[in-house]
Amino acid sequence: MEKVQIETFTVYGLTLRTANSLEMNPETANIPKHVQLVDSNIEIDYLSDARAYSVYTNYESDVNGFYDLLMGSTEIASAKRKLQSIDVVAGEYLKFDAEGEFPDAIIRAWQTAWAYFSSQDCKHSRAYTTDFEYYQSTNQVSVFIALK
């Protein structure tokens, strides 16, 4: 985990409204279906060094409420559907890295973040503005959590 400064940037993609309580149950999880929708409708311009992002925003409350999840990239080669966009809020973020097979690495990164923010040793507060996942490769992910 490390604290980093992020400048504003825009991600274009497709949005889903969900909650962690739904995503923890395989029968009600929407994210796996949303990944398939994004993969079949958006072509990311990897040749221009673009990478995939998932941006979490419009939090209803906290980790227990509903939120919007936009999956996409800063550079889209083509899209079969109309895309939405979100500006990632500039500011301080905590970065949690994980490597390994997806989605296990992504889940591990989030579990590490949740454990940190729920621990008595936590020295930071979440802003619940924009959090995001950045996929460096097919087996490396970083989760960025916005700080107050």
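The values are calculated or read from the model by the stated rules, or taken from the named source; none is laboratory data. All values derive from a computational prediction rather than experimental measurement. Note that each Cβ is placed from the backbone with ideal geometry, even for glycine, and that neighbours are counted across all protein chains shown.
Structure summary
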{"read-out": "Test: residue in the stretch 1-10 that is touching a Leu at 6+ places or on another chain (Cβ under 9 Å), surrounded by fewer than 12 Cβ atoms within 10 Å (Cβ to Cβ) and more than 30 Å from K123 (Cα to Cα)", "value": "no"}
{"read-out": "Hits in the stretch 23-52 - residues which are of a type in the set (S, T, Y) and closer than 25 Å to S118 by Cβ", "value": "T28"}
{"read-out": "The stretch 112-136, subset of a type in the set (S, T, N, Q) and in contact with a strand residue (DSSP E or B) (Cβ under 9 Å, 6 or more places away or on another chain), residue nearest to V11 (Cα to Cα)", "value": "T130"}
{"read-out": "Meets criteria (within 15 Å of the chain's Cα centre (by Cα) and either in a strand (DSSP E or B) or buried (at least 20 other Cβ atoms within 10 Å of the Cβ) (or both)) for F144", "value": "yes"}
{"read-out": "Test: residue in the stretch 31-51 that is surrounded by fewer than 16 Cβ atoms within 10 Å (Cβ to Cβ), farther than 23 Å from S125 by Cα, of a type in the set (K, R) and at pLDDT 95 or above", "value": "yes"}
{"read-out": "Residues satisfying the stated conditions in the stretch 10-44, i.e. in contact with a Lys or Arg (Cβ under 8 Å, 6 or more places away or on another chain) and of a type in the set (A, V, I, L, M)", "value": "L14, I42, I44"}
